[in-house]
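Trainee: Below: one structure in structure tokens.
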Amino acid sequence: MLKVFLTLVLAISLEARADDYSDAPMPPPLPEPQEPLYLNPTIYYKPIIKFDVDKCQDEVRVEMLSPEDKVLTRLCAADFNNCVMQGACYVHDEDGRFRSFNYYARGADNIPRFKEVDMRKCPYGYGMRNVCLDPYYTVAADLSIYKIGDVIYVPRLDGAVMPNGVTHDGFFVVRDAGGAIKGPGRFDFYTGFTKPYAKENTFNRMGFANIKNSFPFRMATSAEAEAARQRTGYPGTRNIVIIPPRR
């Protein structure tokens, strides 16, 4: 009789436990795995042009015009075209001045116009919307997809040693755009004075000068993005800048 009673109690207990488990809320489903994002990189820089009367004939020099059609300086055609392609350039002009110019827009005559940059404010020139360019921490992106101030994280460049000896953290702020930079995976990495294919260009050595290469990236979290903007002084720049000596 006692054995029957104990069996009955055990059965009731197990049934109660089963009811308890069935009533417990189910945990939320795990998020769907995201497809990895990949970028195709290029590098752009700010060329330094020295006025040299022997470099090209006066009659083939191109006038660099302001939006108001003021002549800012005169350059050899190849140098002028490089300024247009890079979106900016430094010029040691005929009077020995070291000046900084940024592409502004094309005029009604389809000729590019430039503005002179106050190097005390933005030593490396302007990106979009008067945001200062910041070498090795700036990317140009497609602004129909990204917005100025967005931050991306590139694992391959986390830990890379920059030319000034600083170790990169892998975070880049979108500060610029480019006519050929189209699509969610196209980014142009800005390296200041350093040419894209120069041996001392860290990004070149790591494969970022070749658009055929593909590297994973992700958007920074809100906290990471805010920290990256603060570290780099966005929309200005906190990097120590050494301006090349006058000629």
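Trainee: The conditions are (1) in contact (Cβ under 8 Å) with a residue 12 or more places away in the chain; (2) under 27 Å from TYR38 (Cα atoms); (3) of a type in the set (A, V, I, L, M), and VAL84 fails exactly one of them. Which is it?
Mentor: Answer for VAL84: the failing condition is (2).
Trainee: In this structure, does ALA198 turn out to be small (Gly, Ala, Ser), open to solvent by less than 50 Å² (accessible area, probe 1.4 Å) and without any contact (Cβ under 8 Å) to a residue 12 or more places away in the chain?
Mentor: Values: small (Gly, Ala, Ser): yes; open to solvent by less than 50 Å² (accessible area, probe 1.4 Å): yes; without any contact (Cβ under 8 Å) to a residue 12 or more places away in the chain: yes.
So ALA198 fits the description; yes.
Trainee: What about ASN130, is it under 30 Å from ALA227 (Cα atoms) and either among the small types (Gly, Ala, Ser) or part of a strand (DSSP E or B) (or both)? Before the answer, list the steps.
Mentor: Numbers: under 30 Å from ALA227 (Cα atoms): yes; either among the small types (Gly, Ala, Ser) or part of a strand (DSSP E or B) (or both): no.
In short, no.
Trainee: To continue, here is another question. Please find, among ASP118, ASP69, ASP52, the residue that is assigned to a loop (DSSP other than H, G, I, E, B) and either crowded, with 21+ Cβ neighbours inside 10 Å or modelled with pLDDT of 95 or more (or both).
Mentor: On the way: ASP118 fails: either crowded, with 21+ Cβ neighbours inside 10 Å or modelled with pLDDT of 95 or more (or both); ASP52 fails: either crowded, with 21+ Cβ neighbours inside 10 Å or modelled with pLDDT of 95 or more (or both).
The unique qualifying residue is ASP69.
Trainee: I've got another one for you. Does any residue in segment 106-122 that is of a type in the set (Gly, Ala, Ser) come within less than 8 Å, Cβ to Cβ, of a residue that is part of a strand (DSSP E or B) six or more places away or on a different chain, and which pairs are these?
Mentor: That search, which allows pairs on different chains as well, returns GLY107/LEU65; GLY107/ARG113.
Trainee: Yes or no: TYR90 more than 21 Å from CYS56 (Cα to Cα) and not hydrophobic (A, V, I, L, M, F, W, C)? Please lay out each step first, then the result.
Mentor: On the way: more than 21 Å from CYS56 (Cα to Cα): no; not hydrophobic (A, V, I, L, M, F, W, C): yes.
For TYR90, the condition - more than 21 Å from CYS56 (Cα to Cα) and not hydrophobic (A, V, I, L, M, F, W, C) - is not met.
Trainee: So which of TYR90, TYR38, TYR21, TYR103 ends up being over 30 Å from VAL117 (Cβ atoms), at pLDDT 85 or above and not aliphatic (A, V, I, L, M)?
Mentor: On the way: TYR90 fails: over 30 Å from VAL117 (Cβ atoms); TYR21 fails: at pLDDT 85 or above; TYR103 fails: over 30 Å from VAL117 (Cβ atoms).
After applying the criteria, what remains is TYR38.
Trainee: Name, by its number, the condition in (1) open to solvent by 60 Å² or more (accessible area, probe 1.4 Å); (2) among the hydrophobic types (A, V, I, L, M, F, W, C); (3) in contact with a Lys or Arg (Cβ under 7 Å, 6 or more places away or on another chain) that does not hold for VAL161.
Mentor: With (1) open to solvent by 60 Å² or more (accessible area, probe 1.4 Å); (2) among the hydrophobic types (A, V, I, L, M, F, W, C); (3) in contact with a Lys or Arg (Cβ under 7 Å, 6 or more places away or on another chain) applied to VAL161, the lone miss is (3).
The values are calculated or read from the model by the stated rules, or taken from the named source; none is laboratory data. Bear in mind that the values here come from a model prediction, so they are computed numbers and not experimental data. As a convention, Cβ positions derive from the backbone with ideal geometry for all residues, glycine included, and neighbour counts pool all protein chains shown. Protein only, heavy atoms only, side chains kept; ligands, DNA and RNA dropped before computing areas. Shrake-Rupley method; radii C 1.70, N 1.55, O 1.52, S 1.80 Å.
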